[in-house]
Amino acid sequence: MTRLIIWRHGNTDWNAANRVQGQTDVPLNELGRDQARDAAPLLASLRPDAIVSSDLSRAAETAAALAALTGLPVRTDARLRERHFGQWQGLHLTEVAERFPEEYARWRSGDPAPGADLEPLPDLGQRVAAALQEAADAAPGGTVVTATHGGGSRQGVGHLLGWDAGVLRSIGSLANCHWTELRHDDVRGWQLRAHNVGLITVPAVVDAV
């Protein structure tokens, strides 16, 4: 049985400020680096066989904390990036609501393609799931840790599990440096084993940031 860990990156200053990151390359802050170092021993105890990360620095820095303990190299994959938030990237969520009220309302209601050049959710799910599947296929029967992002991880996991949008909206967000665990066997396919696992379960900021 293959085990796949989908690990959200640590905190950034934009997370703390509710500023939309999307694919903007925002580094970890000191709290985020501490979160990654604290979580890394728990993940190292799972004896991972491979580490794959989004190429954005906040995910790559998070993955590096685990690599430092395991000695494993980190392979980067741009398909694991966060959703592209189009014209919203760099804005505070209050600014988004003021400048794009119609698109913001559609986004809040779960519209998969609300406008303002946001990446459609089906496209996001397909690209992240393809990267997750490829990472798992490289270590059949082993354990793979992928360092990625909140919104992208939700859609990628949902695509692998075959969940529709209604189910996905009922699943809570990953907190910074928490993870989802999936397992795969040839009979049942992908199965959810755990969600939002980490040292302390705390409320996560919204996926957009």
Between region 139-196 and region 65-87, what is the C-alpha centre distance in whole Å? 16 Å
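In region 1-153, what % of DSSP beta bridges are antiparallel (nearest 5)?
Details: 1 of 14 bridges.
Among the beta bridges of region 1-153, antiparallel pairing accounts for roughly 5 percent.
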Report relative contact order for region 34-183 in percent, whole number only (criteria: Cα-Cα under 8 Å, sequence separation at least 6). 28 percent
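Taking the Cα centre as origin and putting +1 on Lys and Arg beta-carbons and -1 on Asp and Glu beta-carbons, what dipole magnitude results for region 1-102, to the nearest 20 debye?
Values: 12 positive and 13 negative charges, 77 e Å.
Taking the Cα centre of region 1-102 as origin, the dipole is about 380 debye.
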Dipole of the chain [Lys/Arg +1, Asp/Glu -1 at C-beta], most positive-end residue of 126, 107, 66: 66
Rg/Rh for region 79-209 to two decimals, with Rh computed the Kirkwood way over all alpha-carbon pairs. 0.98
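May I ask you to give the solvent-accessible area per residue for region 1-129, in square angstrom, as obtained with a 1.4 angstrom probe?
Details: 5620 Å² over 129 residues.
Here the per-residue accessible area is 44 Å².
When all alpha-carbon pairs of region 1-151 are counted, what percent fall beyond 21 Å? Mind dumping the intermediate values first?
Numbers: 5282 of 11325 pairs.
So the pairs more than 21 Å apart make up 47 percent of the total in region 1-151.
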Just to be sure I understand: with springs between alpha-carbon atoms less than 10 Å apart, which residue in 149, 159, 92 has the highest mean-square fluctuation in the Gaussian network model of the chain? 92
Using modelled backbone amide H atoms (1.01 Å from N, in-plane), which distant-in-sequence or interchain residues come within less than 5 Å of residue 81's amide H? 55
If amide H atoms are modeled at 1.01 Å from N in the peptide plane, then the residues at a separation of 5 or more from residue 178, or on another chain, having amide H under 5 Å from its own are 8
So who's got an amide H within less than 5 Å of the one on residue 91, skipping anything under 5 residues away but keeping other chains? H placed 1.01 Å off N, in plane. 20
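Per residue of the chain, what 222 nm ellipticity follows from adding -39500 (n - 2.57) for every DSSP H run with n ≥ 4, rounded to the nearest 500? Don't skip to the end; give the middle numbers.
On the way: 8 runs with 82 residues, N = 209.
One gets -11500 deg cm²/dmol as the mean residue ellipticity at 222 nm.
The values are calculated or read from the model by the stated rules, or taken from the named source; none is laboratory data. Bear in mind the structure is a predicted one, so any value in this text is a computation, not a measurement. In this analysis, Cβ positions are derived from the backbone assuming ideal geometry, glycine residues included, and neighbour counts consider all displayed protein chains. Accessible surface areas use protein heavy atoms only, side chains included; no ligands, DNA or RNA. Shrake-Rupley method; radii C 1.70, N 1.55, O 1.52, S 1.80 Å.
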